[in-house]
Amino acid sequence: MTYYKYDQHTQAAQARFDTKYDIQPNGCWLWNMYRDADGYGQFTINANKKKYMLRAHRFSWLIANQCDWPSDRPVARHTCNNPGCVNPAHIIPGSVKENTEDAIRNGTHYNGTNSKKRACSTPIGNFDSLAAAGRALNVSTRKVWDRIQQGYAGYRYI
Ligand SMILES: [Zn+2]
């Protein structure tokens, strides 16, 4: 599979994308075109003589953050728990483990509204747990959690 890269981005693709969702009162941008079996919007792009089929929310995230999807964060986490939503502010790249944890927490602890600013920041590390991060950084587990909530650069990748 060929992954779509941000530098292949064209205005035409974006203009087409912008006609395919409806903004909901709750802030979600609901994809109004084809959705796959998992409820994710599908978006097809022709770029550099290749045809790319990708999930609409990933395209949305790429454009908003002006960078490629982080290869070490394969999962798109929806803070709104709505797979059909393509609002980049509701989408955070995550690990598979985090995605599972999101399901457990039901997404309520994540606030993606500032993700645009932090999305390309350098991760401070990749830890198995908040406690492990706290040990490595010599701060309390609670402190690590607080910093994630406060949007410290890099902390969102823990
Ligand atoms: Zn949403």
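Below are the figures for this structure:
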quantity: Calculated P(r) of segment 1-108 - Cα pairs past 24 Å, %; calculated: 20
quantity: Lys50/Ser95 FRET efficiency (R0 22 Å; Cβ-Cβ; nearest 0.05); calculated: 0.20
quantity: Percent of C-alpha pairs per 5 Å bin, segment 8-49, short to long; calculated: 5, 21, 25, 22, 17, 8, 2, 0
quantity: Neighbour-limited loop hits for chymotrypsin sites (Phe, Trp or Tyr not before Pro), segment 1-69 (at most 16 other Cβ within 10 Å; DSSP other than H, G, I, E, B); calculated: Tyr3, Tyr34
quantity: Amide H within-cut-off set for Ala47, under 5 Å, with H built and near neighbours excluded; calculated: Tyr52
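Any read-out appearing in this document is the output of simple, stated calculations on the displayed coordinates, not a laboratory observation. The structure displayed is predicted, hence computed values, not measured ones. A quick note on method: Cβ atoms are made from the backbone with ideal geometry, for glycine too, and the neighbour counts reach across all protein chains shown.
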